[in-house]
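What follows is one structure encoded as structure tokens, with my remarks underneath.
The values are calculated or read from the model by the stated rules, or taken from the named source; none is laboratory data. All of these numbers come straight from a predicted model, not from anything done at the bench. All Cβ positions, even for glycine, are placed from backbone atoms using ideal geometry, and neighbour counts span all protein chains on display.
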């Protein structure tokens, strides 16, 4: 099929490259001419394992192209995917102006029957609004559908190629059949395709992220209680995760969730519910617990270093999770701001996200290695569970530090082992 992908951000680029890899003719479109030029040169603007190779291979074989000239590509397409960002106001409400600017371009470019698909995470009811909007700007034949993405950063290609499920929200049988054919390769590997209406598809995305965020905040809310009573949050996670009604996923204590989805989508649920005078207290609490937890880690450091003035503190990990360079809503940024407010000297290391962090917080030191980050530091705080930290030479780390203090906000290490190595160690919820 001929596909147009509007927006070459995280979702758009992964979606375009993966559909091209299935043999489709894909054009990725963007108004950013510099980004398109770099993509044509093989420069992928985001870090996602395997994505650069996928883009280069499909571009070289002619299935994947990049352009700023949207009308011709849209006119020839069977399916047009909208993958533009939907930034969020302080109220939690999504700003759909970029979305509808793209929609107007699509409407004026249609020349034959086309299915217009929203992959952007948008408020419930947006597909219906989009249908009416496009009807006002074209007489061409079209349908609108919702096809939410469930891509985890760091594993997006795997998630696209081996999805848990594919959700197609289409009110038109013709659109449903066309999208079912597009996803036929996934059906052959027994991946379920759920056919629902567009409102249900839109809400499935929010519900999924709301549930996962709830599990994270639930466990993080227990960490302080564990520390008061000498319980171990990792053993609690194991104890409840073995219950088949609960399962083990998303039960690990952490510095708090971040990224482009969970914070935004939980707040959007709050805004949508309250706009209809519905009780949003659960979702508001999920967000509040997370924000409070992200600000709670400094007190673990104060246990060992009560005055941070002029003290060097190393921060391991800047991205909100490993295998990505995404720092949006990262707990590390909250921590670094707190450290600077207490006049600490910060040396940070991250294998992929340092450049992005430096644009936001330029006045700290960015180390080339984790060992360089801890040199002459009085403490190190582990904020992202990159593999490089798991088997690091801790004796060497200790020898480089002024004093061996570690606050492990990812619970990578075992407390008794760190004590045996001579570290003053605090985990999160480790008693």
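Listed residues 12, 23, 16; which is modelled with pLDDT of 95 or more and either on the phi > 0 side of the Ramachandran plot or not assigned by TED's automatic domain parsing to the domain that holds residue 149 (or both)?
After applying the criteria, what remains is 23.
Within the range 4-19, can one find any residue that is out of contact with any helix residue (DSSP H, G or I) (no Cβ under 9 Å at 6 or more places or on another chain) and outside any helix (DSSP H, G or I)?
Yes, that holds for at least one residue.
Which numbered condition in (1) touching a helix residue (DSSP H, G or I) at 6+ places or on another chain (Cβ under 7 Å); (2) crowded, with 19+ Cβ neighbours inside 10 Å is the only one that residue 250 fails?
For residue 250, the exception is condition (2).
Would you pick out the residues in the range 161-191 that are part of a helix (DSSP H, G or I) and modelled with pLDDT under 95?
Of everything in the range 161-191, those that are part of a helix (DSSP H, G or I) and modelled with pLDDT under 95 turn out to be 161, 184, 185, 186, 187.
Residues that are surrounded by fewer than 21 Cβ atoms within 10 Å (Cβ to Cβ), in contact with a strand residue (DSSP E or B) (Cβ under 9 Å, 6 or more places away or on another chain) and part of a helix (DSSP H, G or I): does the range 24-33 have at least one?
No, the range 24-33 contains no residue that is surrounded by fewer than 21 Cβ atoms within 10 Å (Cβ to Cβ), in contact with a strand residue (DSSP E or B) (Cβ under 9 Å, 6 or more places away or on another chain) and part of a helix (DSSP H, G or I).
Can you name every residue in the range 39-59 that is more than 23 Å from the chain's Cα centre (by Cα) and without any contact (Cβ under 8 Å) to a residue 40 or more places away in the chain?
Scanning the range 39-59 gives 40, 41, 42, 56, 57, 59.
Which one of these does residue 153 not meet: (1) assigned by TED's automatic domain parsing to the domain that holds residue 118; (2) outside any helix (DSSP H, G or I); (3) over 28 Å from residue 326 (Cα atoms)?
Just one mismatch for residue 153, condition (3).
Could you check the range 275-294 and list, in sequence order, the residues that are farther than 17 Å from residue 90 by Cβ and either under 20 Å from the mean Cα position of the chain (by Cα) or part of a helix (DSSP H, G or I) (or both)?
281, 282, 285, 286, 289, 292, 293, 294
Got a number for residues in the range 390-431 being part of a strand (DSSP E or B) and touching a residue at least 60 places away in the same chain (Cβ under 8 Å)?
Result for the range 390-431: 4.
Just the residues that are surrounded by fewer than 23 Cβ atoms within 10 Å (Cβ to Cβ), touching a residue at least 40 places away in the same chain (Cβ under 8 Å) and over 21 Å from residue 259 (Cβ atoms), please, taken from the range 128-160.
128
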